[in-house]
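Engineer: After the structure tokens below, expect a handful of questions from me.
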Amino acid sequence: MLHIYRQIVSLQRVRPVVIAQKRENADRFPFQEIRVVKKPPLHFLRRIWFKQIADRPWKISARETHTLQGVLADLNAQLLHVYFGHIAVLLLPLLETWSKPTLVSFHGADVLVDMHKPAYRRATQQMLAAVKGVLVRSESLRRAVTDLGCPRGKIEIQYTGIPLDEFPFRERTAPANGEWRLLQAGRLIEKKGIATSLRAFARFHQLFPNSAMTIAGEGPQLEELQTLVKQLGIASAVFFAGFVSQNKLRELFYSSQMFLHPSETGGDGNQEGVPNSMLEAMATGLPVFATRHGGIPEAVEHGASGVLVDERDDEALAKAIIPAAQHPERLTQMGRAAAEHVAKKFEQGERTRRLEEIYLRAIAH
């Protein structure tokens, strides 16, 4: 994931080494310090047994634990940082035997999905007891981890860092002839609330027939969303761009006047932390229209750096974006405030320095 890659390569006071099961997208993520530990034979059979038959979280075998212990010893590793809570549960046999400190980062679904199942909840609680510290991406996720029984003092908020030099501020102006351009970027999954965006845009498009909306991203909801735009009668005004490069995403930021991100809690309990694409959009000066969901209110101040509505309320979202187009001076003000807020709270260098302090403090202790 890009935000994790940015975090790793920006570290200066520690030497990061990545341990992974396979190497992918080396051209997009060039990094030399990687140790590949391949999946063992019968990997998929073990996973099927744990997930589908026993219905409990699967964990690495004794052989895998021994292999990883050897890698850590060879590196003389002083600290292990595990990204995603469910991966830390998978590594629980290692965490309970390794003598050095371990940190785990939670991002959203990894602390909320399947926690109603006793076996999954119990395994997550065992993992939380085994690690030295817990990093979360938002206050809402801190509450979720606390609800699992983790001591609040063990948890620290570590916001995503945004490299501001890659997303310079640019003030937006009202387009000619009502040619408003709206954008949403993210995976095409339930918690992104893309259907809510499309229904709100359909209302907006009735008043601004020259407007258009771009959906950038891939995911399992594509066909469902394509069917929805036909039903709403806006198929000619909505463009599904698919996965786009960072350069293309920047172009979309600068060619748009509004960014929509009405996240919602999924049927499985999945929630957002603080969406990365939303922060990048804000850094460029793009006003955000989102929901009171997860960590979004920690990044968007309602009425100042953006507008927040309730989840799944496409009527309220439409009532937010329509007046904004009718009074574009408000968009200009929100865009400036959004960029200033991201620079103050989510700048990559400061986030990295804070993470390094957490690392060094854990190692020293």
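The values are calculated or read from the model by the stated rules, or taken from the named source; none is laboratory data. Predicted, not measured: the structure shown is a model, and the values here were computed from it. FYI the Cβ positions are ideal-geometry reconstructions off the backbone, even for glycines, and counts take in every protein chain you see.
Engineer: When the residues of segment 137-154 are filtered to those that are farther than 17 Å from Ser263 by Cβ and among the hydrophobic types (A, V, I, L, M, F, W, C), which remaining residue is nearest to the chain's Cα centre (by Cα)?
Structural biologist: It comes out as Val145.
Engineer: Suppose we filter Leu207, Leu182 for residues that are touching a Phe, Trp or Tyr at 6+ places or on another chain (Cβ under 7 Å) and in the same structural domain as Gln246 (by TED's automatic domain parsing); which single one remains?
Structural biologist: That would be Leu182, the only listed residue that is touching a Phe, Trp or Tyr at 6+ places or on another chain (Cβ under 7 Å) and in the same structural domain as Gln246 (by TED's automatic domain parsing).
Engineer: Sticking with this one: Has segment 138-157 got at least one residue that is of a type in the set (D, E, K, R), crowded, with 19+ Cβ neighbours inside 10 Å and in contact with a Gly (Cβ under 9 Å, 6 or more places away or on another chain)?
Structural biologist: no
Engineer: Shifting gears a bit: What is the number of the single condition among (1) modelled with pLDDT of 95 or more; (2) in contact with a Ser or Thr (Cβ under 9 Å, 6 or more places away or on another chain); (3) within 21 Å of Ala130 (Cβ to Cβ) that Leu75 does not meet?
Structural biologist: (2)
Engineer: May I ask you to list the residues in segment 172-195 that are surrounded by fewer than 16 Cβ atoms within 10 Å (Cβ to Cβ), assigned to a loop (DSSP other than H, G, I, E, B) and free of Cβ contacts under 8 Å to residues at least 40 places away in the same chain?
Structural biologist: The answer is Glu179, Arg187.
Engineer: Something else now. Restricting attention to segment 1-29, report how many residues are farther than 20 Å from Ile162 by Cβ and either in contact with a strand residue (DSSP E or B) (Cβ under 8 Å, 6 or more places away or on another chain) or not charged (D, E, K, R) (or both).
Structural biologist: Qualifying residue count for the region: 10.
Engineer: Given the residues Arg172, Arg152, which is the only one that is modelled with pLDDT of 90 or more and either in contact with a Pro (Cβ under 8 Å, 6 or more places away or on another chain) or among the acidic types (Asp, Glu) (or both)?
Structural biologist: Sole residue among the options that is modelled with pLDDT of 90 or more and either in contact with a Pro (Cβ under 8 Å, 6 or more places away or on another chain) or among the acidic types (Asp, Glu) (or both): Arg172.
Engineer: Let me ask something else. Exactly one of these conditions fails for Lys132: (1) among the basic types (Lys, Arg); (2) surrounded by fewer than 16 Cβ atoms within 10 Å (Cβ to Cβ); (3) over 21 Å from Pro328 (Cβ atoms). Give me its number.
Structural biologist: (2)
Engineer: Residues that are touching a Lys or Arg at 6+ places or on another chain (Cβ under 8 Å), of a type in the set (D, E, K, R) and surrounded by fewer than 23 Cβ atoms within 10 Å (Cβ to Cβ): which helices (runs of 4 or more DSSP H) entirely in segment 263-365 hold 2 or more of them?
Structural biologist: It comes to 314-326.
Engineer: Pick from segment 196-207 the residues that are under 14 Å from Ser256 (Cβ atoms) and not small (Gly, Ala, Ser): which of them is surrounded by the fewest Cβ atoms within 10 Å (Cβ to Cβ)?
Structural biologist: Phe204
Engineer: Do any strands (runs of 3 or more DSSP E) entirely within segment 75-149 hold 3 or more residues that are among the hydrophobic types (A, V, I, L, M, F, W, C), and if so, which?
Structural biologist: 102-106, 133-136
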